[in-house]
1. Do we find a residue being touching a Pro at 6+ places or on another chain (Cβ under 6 Å), small (Gly, Ala, Ser) and more than 16 Å from the ligand (Cβ to nearest atom) anywhere in region 310-327?
2. Kindly list, by first and then second residue, each pair from a residue in region 313-342 that is at negative phi and touching a residue at least 40 places away in the same chain (Cβ under 8 Å) to a residue that is more than 10 Å from the ligand (Cβ to nearest atom) and among the polar types (S, T, N, Q), limited to pairs with Cβ atoms under 7 Å and residues at least 6 apart or on different chains.
3. From 213, 254, 250, 191, grab the single residue that is in the same structural domain as residue 163 (by TED's automatic domain parsing) and closer than 20 Å to residue 287 by Cα.
4. Looking only at region 338-377, which residues are within 16 Å of the ligand (Cβ to nearest atom) and acidic (Asp, Glu)?
5. Residue check: is residue 319 buried (at least 18 other Cβ atoms within 10 Å of the Cβ) and under 27 Å from residue 111 (Cβ atoms)?
6. Please enumerate the residues belonging to region 363-391 that are within 29 Å of residue 278 (Cα to Cα) and in a loop (DSSP other than H, G, I, E, B).
7. Looking for whichever is in a helix (DSSP H, G or I) and either under 29 Å from residue 141 (Cβ atoms) or touching a residue at least 40 places away in the same chain (Cβ under 8 Å) (or both) here; the options are 248, 232, 207. Which one fits?
8. Are any of the residues in region 120-133 within 18 Å of residue 58 (Cα to Cα) and assigned to a helix (DSSP H, G or I)?
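The values are calculated or read from the model by the stated rules, or taken from the named source; none is laboratory data. Note that the structure is predicted; figures quoted are calculated from it, not measured. Quick reminder, even Gly has a Cβ in these numbers, built from the backbone with ideal geometry, and neighbours come from all protein chains shown.
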Amino acid sequence: MKFNVASESEVLSAENSDVYFRRSLSFLKSKKFNDDVIAEVTVSSFESPWINFTGLDDVLSLLEGKVTDLYAIPEGTVIPYRDMRGIPVPFISIRGNYRDFGMHETSLLGFICQSSGISTSSSRVKLAAGDKPVFSFGIRRMNPFIAPMIDRAAYIGGADGVSGIKSGKILGLDPVGTMPHAISLLLGDEEAWKAVAAGTKKGPVTVLIDTFEDEKFGSLKAADLIPKLDFVRLDTPASRRGNFANIVREVRWELDLRGHEKVRIMVSGGLKEADILELSGAGADAFGVGTSIASGKTVDFSMDIVDVHNQPKTKRGKLSGAKHVLRCSDCGMVEVLPLERSRETCKCGGHFEDVLVPYIKNGKVIRREKPSVARARTINLLKRFYLKQEF
Ligand SMILES: [Zn+2]
């Protein structure tokens, strides 16, 4: 490898893991004991009460053939990380021989910690944007080797489109892009806008306004020049921004006044969740969001043994025994219970469903989901339980 990254085979063979997991194998080597265990993956604390769980697809690729059974909460599940009593929710439950899978803990956690952080940020942004489209534009801020993972997590989390070419192939989507400032610098605004309009075969015609022009006068010029214009994109530099929401209001007003009601406004450039709410209220119709989704705060999952050879056993600070996670289909309330106990009806009268479902049985992966299915789950759960605005 020319680059400072691990290869697929190094991840699969735990060459890329923390060394103490491998050392522990050598410590255990000469000992005779039963290492049939159940391990669970939980979160102790996070900055918001709920997360959107993703990254499982890569965990399945990592652990196939290395564990006996694996149960997990499906990707795209938006769920509190502690139940109503504060009991940590197990997101993954693994049964297997510790010596076969213990050394993969580093990669297992890495796959879900970062991906779930990104998908959770994406869900928060999508809640703020409501039914207006959000596009993931953040791969340039991150190591290119993980760009497809970032866009996948952003998409499952609720983003309507992604900018990466490879990401688009993985997700089965046409990647989304407008035009770089470079085209206007090379051709001048008017020639650049015409070239974009002529060259856009699929998707909306979107031109970037603020290379040389004021947002208002540039938008009006572009709308007059290009009859099939769909979007003006405002990517106003922070140093010129003043009150971005007022700029959006002004552009909307002037476009409407001159008969360009159909021309919509896309905004981008360092947008955060709170900006999106404000700009949406001011009249923005679409959002290109980079760093604030791609650098979503990592969810600190940890993995702990909770049962050794069919005996509940765990370390201090954790809850022993295998568990399952019930969620009310009506009110969304979550309850974690010991595996052998169950409950069918919620206090609200709704029906409890088990959200931990089997993904690996006898070492074989028995379930995989398309990202579009996981994204549909996100949108459904956001609408039912977390909605701030109408979609
Ligand atoms: Zn209920």
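1. Within region 310-327, one or more residues are touching a Pro at 6+ places or on another chain (Cβ under 6 Å), small (Gly, Ala, Ser) and more than 16 Å from the ligand (Cβ to nearest atom).
2. Note: pairs meeting the criteria are 322/93.
3. Every option except 250 fails the conditions.
4. Correct list: 344, 353, 354.
5. no
6. Result: 386, 387, 388, 389, 390, 391.
7. The conditions single out 248.
8. Yes.
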